[in-house]
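Contents: one structure, followed by commentary.
What follows is calculated from the coordinates using simple rules that are stated; it is not laboratory data. Source: prediction; values computed, not measured. Cβ atoms come from the backbone with ideal geometry, glycine included; neighbour counts cover every protein chain shown.
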């Protein structure tokens, strides 16, 4: 009975979660999102492209690694990440707390076609690049990972230290 109730809840919530995430992993160039209401998160908020203080280039590869895999920024800094996929399969860069990434990853494993499009994410087709413009409003350690099923487990993760 508990299992059936849990399954019912998950199935009922999945379309709502997918809807909240937007256009998905469709074949498109990830870019800085248009201006709109800024929603703060524990790991920062969507940045204003006019306020970018630094550009950081990040490469994703089929070795299931990010280069660089560690970045240090200043609290309040607005960073433009230019994310290049040098591999032959889809990769993504998703910013968040470790708990946020793990939770999202579990959903991605259950619903691999789940559609989503948030300002803290860039889904990048092979040979392409995307962008994330992000303002780090809180000091601490945050992370970025590829949440495509299997990639996170293979070690495709990096750390952002905000001082």
Kirkwood estimate for region 76-121, i.e. one over the average of 1/r between Cα atoms, Å
12.5
How far apart, in nm, are two points set 7 Å out from the Cα along the Cα-to-Cβ line at residue 159 and at residue 110?
3.0
Burial order of peptide ranges 135-145, 100-110 (average beta-carbon count within 10 Å, highest first):
135-145, 100-110
Label-point separation (nm) for residue 57 and residue 89, each offset 7 Å from Cα along Cα-to-Cβ?
2.6
In what sequence do 98, 93 fall when counting other Cβ within 10 Å, fewest first?
98, 93
Over region 51-163, with a single point scatterer placed on each C-alpha, what log10 of the ratio I(q)/I(0) does the Debye formula yield at q = 0.15, 0.17 1/Å?
-0.58, -0.76
